[in-house]
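A quick write-up on the structure given underneath.
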């Protein structure tokens, strides 16, 4: 025998379906509880009234016990004075257990043999008829006019009545409540489904709008109901934030690919044109050598672009040489880079001054590997040298803010400065402030982008302020490595 399960049988149900089932289940449980409570209440109330009626009828039976006519101070039951329901049964006994009377319609087993139920009540079943029997012991006075006073005679009465009608009344009430619960479920089920369908409409609209977003269409305008609904507002804001970041990322990626293709295409075109020029006619060895040197220079430039692109990709993807415990001394690394770039600075008559905090208890360590820190510093120093006029100075200042958990590096030049319109874009990849993109515009435009990626990966921040004609100031804030932070505390 093979068990066949439909493919969609195990698929998760929709939120609306689960909410409808949950609400109906709560309603069903409430209805069952209401029916159970109504059963208990109705049973208590009906049998309470039933017992009151039994007590009243027992009192009537006791009242029908009178002095006997035999002159022996006995008692007897005068049934002619009793007007009781025809289905009720009773037995009356004197103090010695002798029967004084029995109901005319009762010819069955003695009522004293009934099963005790609780207190003075007994239970008897005979021919599918159920009786509730009350046992009461009372007294009757005989010869109240005697000189010695009346004689008190104990009397025991067992009075029973059928409980069938009581149960019919109880179950009738319970069935009414049960039918009301079923009708409530049948009415509220479709109503709840409709209300949930209307209530989830903003969510479906939100999903439909989000599904329409693509690489070529980033427009996302959620309905006002999605923004004002407390449950949907966080989701709406999250979708908008994610889409904005994705759009920015895709735009940057497109610009990066376009710029990289432009840079590489230019270099390849220059190499191609140089080789074609050499092949036009027979040339001397010196001319071939000069042409090949130009090709080699362009190849090196193209290699530099690819290297920096790989470096930037490595930094942005988190694949870097700085392990979990990598640290480097910022002051020492700064001095090494200044020494390495001294020749380039001297050729232009530029001085680089280093200013460090006095009285440092130890090295100023930051959570970066030495190679990454050198890459950061060399990019900033080379950028300052390239944009500083001759016979000027560059200042590199290290400061420790009062909180001692970060170190601040400020590199200030007195060069040409940056145009205010270009300042917000200096960290963009391939941005050089020169739309012509000729070979004479300087570097590749990746240095500051790489620098920013290195700083942010270390948990720091970098900012640039500049005034055209007066110079540029770059401020880098890096967190201190744990051991350095504790040493400077």
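Please treat every number below as a calculation from the coordinates, not as lab data. Computed from a predicted structure; not experimentally measured. Glycine gets a Cβ as well: all are built from the backbone with ideal geometry, and neighbour counts include every protein chain shown.
For this structure, a couple of remarks:
- 16 Å cut-off, amide nitrogen to a point 7 angstrom out along residue 300 Cα→Cβ, residues in the range 245-287: 271
- The order of 421, 117, going from fewest to most other C-beta atoms within 10 Å of their C-beta, is 421, 117.
- Computed packing ranks the peptides 277-284, 187-194 as 187-194, 277-284, most packed first, by mean other Cβ atoms within 10 Å.
- Computed on the range 88-241, the Cα convex hull volume stands at 264 Å³ per residue.
- Computed from label points 7 Å out along Cα-Cβ, the spacing between residue 207 and residue 290 is 7.2 nm.
- Convex hull of the range 16-171 built on C-alpha atoms - directionally averaged projected area, nm²: 12.6 nm²
- The label-point distance for residue 162 and residue 186, in a model that sets each label 7 Å from Cα toward Cβ, rounds to 3.3 nm.
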